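Reading through the structure tokens given below for one structure.
The values are calculated or read from the model by the stated rules, or taken from the named source; none is laboratory data. Computed from a predicted structure; not experimentally measured. No Cβ is skipped: glycine too gets one built from the backbone with ideal geometry, and neighbour counts run over all protein chains shown. Heads up: the accessible areas ignore ligands, DNA and RNA and are worked out on the full protein's heavy atoms, side chains in. Shrake-Rupley method; radii C 1.70, N 1.55, O 1.52, S 1.80 Å.
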Amino acid sequence: MWAFIIRKILYNVPVYVGVLVLVFLALRVQDPVYQYLGQEAGQEQIDQLRRSMGLDRPLPVQFGIYLREVVTFNFEAQSWNQRGTEVGEILKRSIVPSLSLTVPALVLSTVIGVFISLIAAYFRGRAPDRILMIAAVLGMSISFLVYIIFGQFFFAAVPREAGLGWWPFAVQGYEPWIVFGEGGGVYPGRWVTYCMLPVMISVIVSMGYDTRFYRAVMVEETGRDYITTAVAKGATKPKIMFVHMLKNAMIPVITRVMSTLPFVVIGSILLEMYFGIPGMGREIITAIINKDFPVIQAFVAVFALIFIASVILTDVLYAVVDPRVRLS
Amino acid sequence: MGQRSEQNRANRTGAEGPVLSVRRLTTRFRTDRGIVTAVDDVSFDVAPGETLGIVGESGCGKTVTSKSIMRLLPDHVASYGDESEVIYRGNNLLRASESEMRKVRGDGIAMIFQEPMTSLNPVFTVGWQLNEALKYHTKLRARERRARIIEMLKLVDMPNPEKRIDEYPHQLSGGMRQRVMIAIALCCEPDVLIADEPTTALDVTIQAQILDLMNELKSRLNTAIILITHDLGVVAQVCDRVQVMYAGRVIESASAREVFHNPRHPYTRGLLDSIPKQGGKQKGARLPAIGGIVPSLWELPPGCRFQERCRYKQQKCVDVEPDLVTDPDGHARRCHFPLGTSAKLTVGASS
């Protein structure tokens, strides 16, 4: 198994370097300094900014610096927009808020989605299945923004206005619920206040898509021969669904989860903007709007790393659930 | 197992009635084109240690018969006739609750399927899949179950069972997978084993091995076997009695010897003639085949269902559907004009 994991990682190293080269070149097609400073900037100002980023040096050297930053995960360059702040600092403070949204949202939507789809497949063609599938289509037809606005209004603003002091959800804002360093600690209450509502919205939004997809997977599995064998052995229906079928259905489920990862990240950008959560999504949007070249360059590298890591994780999980993958 | 198996052994020593009785089994399917009767008024008994062959071409209802016994057909499409009964241990399985059925499945009646390549769950080990059946039907502890699994794998001639127990189905060949299926089916010592085309997907040498194995296990465990097949060669090798089905109905039923040497239904005759015989025919001669195709179950002709393909068709065959008539010698056939001489029949009756 370890050999398998190491092999997968080694395969993906050249892929990642390739992505970095592309990102590196794409960001230099137009001069980032002009982009940032605009036409009125003086030559001296331009030269100074260019020198401070090392953009006056030959491309291979620049790439070497970029690579070193990525490999050591030490982004020393300063943000252009947030003067005096290192890019690494921005990254560090925004990563936890982002993961506080995406990880619970992804886990919950997958678990709930698979569970609902099993129920639908169990009652295939009958009332519970029909009702769930109609609900799924309905859920899919409504825009993400509607969920956010309605959620904020009815589940945060209205109860707060009504003077329910104990009401846990805030309309907007963020306080770190995991504090590092001295005097730090974990404050789950803060997570509930600031992250739970956006997580719930994110889960509800993906529910329609997830259940429809997983139901199709489950229905396909119900027709397999091994299911008949299990019935003929005297297995109970829950055993068949939650043991026999579920483990076979894990491959498409994993594929699905990993392929929705980009959308979860993009989706959480919206959530971060609307709920005022200082996550990576909000940072990168701010950076793009302000043409904050050092931040963009670093964040894109980190996003790419997350995606490649998820691809590797997908392959490893395949091997865990399906013995046939391990051999090939 | 414990108590029940004691009881079994006691039962098996005494010569007593059938272990499984199928009475007037009629299975209907709801389809988009309306209701179709896949199995029509089928009755038979199997005694302990006996092998009954159910023979017929594709779509004649043999698999549906076997799945009806185990109630493996989906409830929302399949229904059974009001008079239909599958009597096992005094219970009508067709009216049994789902939890009663679970106790019967795998324990009292077990089944082997046609496709060993897909019948095992690909993501669990061989041992896990055997263990599952033992867990449901015995009170053995984990270590005892493992010992029993290895013993079962040895019984089905699985090479290197201590190693194979932890392997996955994709690591086994088709023949070995079918051995695992047989081991699963037999691990709780069922009274009845239903084998639905167990050798169809296997190559000929493996076929012979699997059949030998089933024969041997039958005599060792005194299991009743219902063997479903379209292969008359297989029937000749293992069956005591044979029931030939055509378009959902039983058309001939007799001992295997009788069916092979003295078939009375033209369809059975046709099936036997179409088996290639060594040195039987001149070189280049065409193998005789039964002309025509099986009638669609939606558009069954009035009268005999075989009429359109029958060489001996008379007006009566078009007008009246023949009943399944049991001749004095116990040979049953559904034909107005059975083959074989009437003289033979009288001899059979008087003896």
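Here is a list: B:Arg24, B:Arg71, B:Arg33. Which entry is touching a residue at least 60 places away in the same chain (Cβ under 8 Å) and at positive phi? Answer to the check: B:Arg24.
Do any helices (runs of 4 or more DSSP H) lying entirely in the range A:123-218 carry at least 2 residues that are within 24 Å of the chain's Cα centre (by Cα) and under 20 Å from A:Gly281 (Cα atoms), and which ones are they?
Working: elements: A:127-141, A:144-152, A:158-161, A:188-194.
Of the helices (runs of 4 or more DSSP H) lying wholly inside the range A:123-218, those with at least 2 residues that are within 24 Å of the chain's Cα centre (by Cα) and under 20 Å from A:Gly281 (Cα atoms) span A:144-152, A:188-194.
Of all residues in the range A:204-233 being in contact with an Asp or Glu (Cβ under 9 Å, 6 or more places away or on another chain) and surrounded by fewer than 23 Cβ atoms within 10 Å (Cβ to Cβ), which is farthest from A:Leu108 (Cα to Cα)? Once the filter is applied, the top-ranked residue is A:Asp225. Out of B:Ala96, B:Ala110, one residue alone is of a type in the set (A, V, I, L, M) and at the interface with chain A (Cβ under 8 Å from one of its Cβ atoms). It is B:Ala110.
Which one of these does B:Val86 not meet: (1) within 22 Å of B:Ala195 (Cβ to Cβ); (2) within 13 Å of another protein chain (Cβ to nearest Cβ)? So the condition that B:Val86 fails would be (2). The requirement of being assigned to a helix (DSSP H, G or I), closer than 18 Å to B:Cys187 by Cβ and in contact with a Pro (Cβ under 7 Å, 6 or more places away or on another chain) is fulfilled nowhere in the range B:102-111; no residue meets it. May I ask you to verify whether A:Val13 is open to solvent by less than 100 Å² (accessible area, probe 1.4 Å) and touching a residue at least 12 places away in the same chain (Cβ under 8 Å)? Considered against the rule, which asks whether it is open to solvent by less than 100 Å² (accessible area, probe 1.4 Å) and touching a residue at least 12 places away in the same chain (Cβ under 8 Å), A:Val13 comes out as no.
Per-residue answers, yes or no, for (1) among the β-branched types (Val, Ile, Thr); (2) over 17 Å from A:Thr228 (Cβ atoms); (3) touching a residue at least 60 places away in the same chain (Cβ under 8 Å):
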| site | (1), (2), (3) |
| --- | --- |
| B:Cys188 | no, yes, yes |
| B:Leu193 | no, no, yes |
| B:Ile206 | yes, yes, no |
| B:Asp212 | no, yes, no |
| B:Leu227 | no, yes, yes |
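The range B:140-244 holds helices (runs of 4 or more DSSP H) entirely within its bounds, and those carrying 3 or more residues that are open to solvent by 10 Å² or more (accessible area, probe 1.4 Å), more than 21 Å from B:Thr63 (Cβ to Cβ) and modelled with pLDDT of 90 or more map to B:142-155, B:161-164.
Within the range A:260-267, is even one residue of a type outside the set (Phe, Trp, Tyr), within 14 Å of another protein chain (Cβ to nearest Cβ) and assigned to a helix (DSSP H, G or I)? No, because not a single residue in the range A:260-267 is of a type outside the set (Phe, Trp, Tyr), within 14 Å of another protein chain (Cβ to nearest Cβ) and assigned to a helix (DSSP H, G or I).
Contact map, the range A:189-204: first residue farther than 20 Å from A:Gly113 by Cα, second residue among the small types (Gly, Ala, Ser), Cβ cut-off under 9 Å, separation 6 or more or different chains; pairs are A:Trp191/A:Ser100; A:Thr193/A:Ala170; A:Thr193/A:Gly173; A:Tyr194/A:Ser100; A:Tyr194/A:Ala170; A:Tyr194/A:Gly173; A:Tyr194/A:Gly276; A:Cys195/A:Ser100.
A quick yes/no check of all residues on (1) open to solvent by 40 Å² or more (accessible area, probe 1.4 Å); (2) among the aliphatic types (A, V, I, L, M):
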site	(1), (2)
A:Glu69	no, no
A:Ser79	no, no
A:Leu91	no, yes
A:Ser100	no, no
A:Tyr122	yes, no
